[in-house]
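Written below as structure tokens is the structure these notes are about.
The values are calculated or read from the model by the stated rules, or taken from the named source; none is laboratory data. None of the values given here were measured: they were computed from a predicted structure. FYI the Cβ positions are ideal-geometry reconstructions off the backbone, even for glycines, and counts take in every protein chain you see. Areas reflect the complete protein model, heavy atoms only, side chains present, ligands, DNA and RNA absent. Shrake-Rupley method; radii C 1.70, N 1.55, O 1.52, S 1.80 Å.
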Amino acid sequence: MKKIAIVQSNYIPWKGYFDLIAAVDEFIIYDDVQFTRNDWRNRNQIKTPQGLQWLTLPVGGDIRRSVRDVQLPNTRWQVKHWKALECNYRRASRFNEVAAWLEPLYLAEFHTQLSQINRRFIESVCHYLGIGTKITNSWDYTLLHGKTERLVGLCTQVGGTEYISGPAAKNYIQEGEFADSGIKLTWFDYSGYREYPQLWGEFIHGVSILDLLFNCGKDAPRYMRYVR
């Protein structure tokens, strides 16, 4: 049995994204698809005393490109984002522990391509959490035409026997295509998360995983479902 997930990269995504990575044997970053504005590809939310705040990567207004082709016009966002994180989480109990490896990603490296930025942060969080899932890019493989056919084709090429998908894909996935190829289709369940100690008012689940890490550090897996 080999479980596969195929998902677009997100910028410092929420904890559910990493639970999906931990639940499979290979996680394929699917950045050959159309870039969409005002989406999770280039932004995410953190908590502040004033409420939720967006951290957004500058990508320009052109949406006629794939995610992997999105270039950032400058690196000024790196200092800005780190200052926002430091200002709002320096009181968190595990801030120093997480900042030791996260701050250099913002201040000592220079990032210009969206897909590479997202993967760098995703892999760094996985390393910290001990998630050993193999992560690859969709362009490492042959891509077929058709939304469902392409997913089935990727699963087949990597020897996948089970495809785990987020529930939003129910709107377009043709389940019969997986069955005809002998691949089990499973819908991932993002419900049932426990609350953890969180700064700044009412608890909110859907923020960047950095919120969980700053507040809980190595205890973060206690509040996740597939990370051990």
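Surface analysis of segment 136-204 yields an accessible area of 56 Å² per residue, using protein heavy atoms and a 1.4 Å probe. For segment 116-228, the Kirkwood hydrodynamic radius comes to 16.6 Å, computed from all pairs of different C-alpha atoms. Subtracting the Cα-Cα distance of Thr48 and Ser124 from their residue separation scaled by 0.36 nm leaves 25.0 nm. Scalar couplings 3J(HN,Hα) for segment 164-170, obtained by applying the Karplus form with A = 6.51, B = -1.76, C = 1.60 to θ = phi - 60°, are 9, 10, x, x, 4, 6, 4 Hz; x denotes Gly and Pro.
Looking at segment 3-58, the accessible area is 33 square angstrom per residue; that uses a 1.4 Å probe and ignores ligands, DNA and RNA. Distance check, please: which entries in Lys15/Lys147; Lys147/Lys170; Lys3/Lys134; Lys134/Lys170 exceed 18 angstrom between their Cα atoms? The answer is Lys15/Lys147; Lys134/Lys170. With all pairs of different alpha carbon atoms counted, what Kirkwood hydrodynamic radius in Å does the chain show? 18.4 Å is the Kirkwood radius here. Of Met1, Met224, the order by accessible heavy-atom surface (1.4 Å probe, DNA, RNA and ligands excluded), from most exposed downward, is Met1, Met224. If you take the Cα centroid of segment 11-68 and the Cα centroid of segment 191-210, the two points sit 18 Å apart. Here is the list for segment 172-228: chymotrypsin sites (Phe, Trp or Tyr not before Pro) lying in DSSP coil, each with at most 14 other C-beta atoms within 10 angstrom of its C-beta, are Tyr172, Phe203. Ordering Tyr141, Gln113, Ala84 by the projection of their Cα atoms onto the charge dipole of segment 44-160, which places +1 on the Cβ of Lys and Arg and -1 on the Cβ of Asp and Glu, puts Ala84 at the extreme positive end. Residue by residue, segment 45-50 carries 3J(HN,Hα) couplings of 10, 10, 9, 9, x, 8 Hz when phi is fed to the Karplus relation 6.51 cos²θ - 1.76 cosθ + 1.60 (θ = phi - 60°); x denotes Gly or Pro. Sparse packing (at most 14 other Cβ atoms within 10 Å of the Cβ) combined with a DSSP loop state is found for the following trypsin sites (Lys or Arg not before Pro) in segment 7-101: Arg37, Arg64, Arg65, Arg90, Arg91.
The longest stretch of the chain left intact once loop-based GluC sites (Glu not before Pro) with at most 11 other Cβ atoms within 10 Å are removed from consideration, loops following DSSP, is 1-108. The accessible surface of segment 56-154, taken with every protein chain in place and a 1.4 Å probe, is 49 percent carbon and sulfur. Rg/Rh for segment 5-106 (Cα atoms only, Rh after Kirkwood) is 0.98.
Amide H contacts of Ile135: Phe27, each under 5 Å away and 5 or more positions distant or on a separate chain (H built 1.01 Å from N in the peptide plane; Pro and chain starts excluded). Magnitude of the charge dipole for the chain, about its Cα centre and with charges confined to Cβ atoms of Lys, Arg (+1) and Asp, Glu (-1), is about 560 debye. Top mean-square fluctuation among Ile135, Ile12, Ile173, Gaussian network model of the chain, C-alpha springs under 10 Å? In the Gaussian network model the winner is Ile173.
Amide H contacts of Leu72 (H built 1.01 Å from N, in plane; Pro and chain starts excluded): Gln113, Leu114 sit under 5 Å, all sequence-distant by 5 or more or on other chains.
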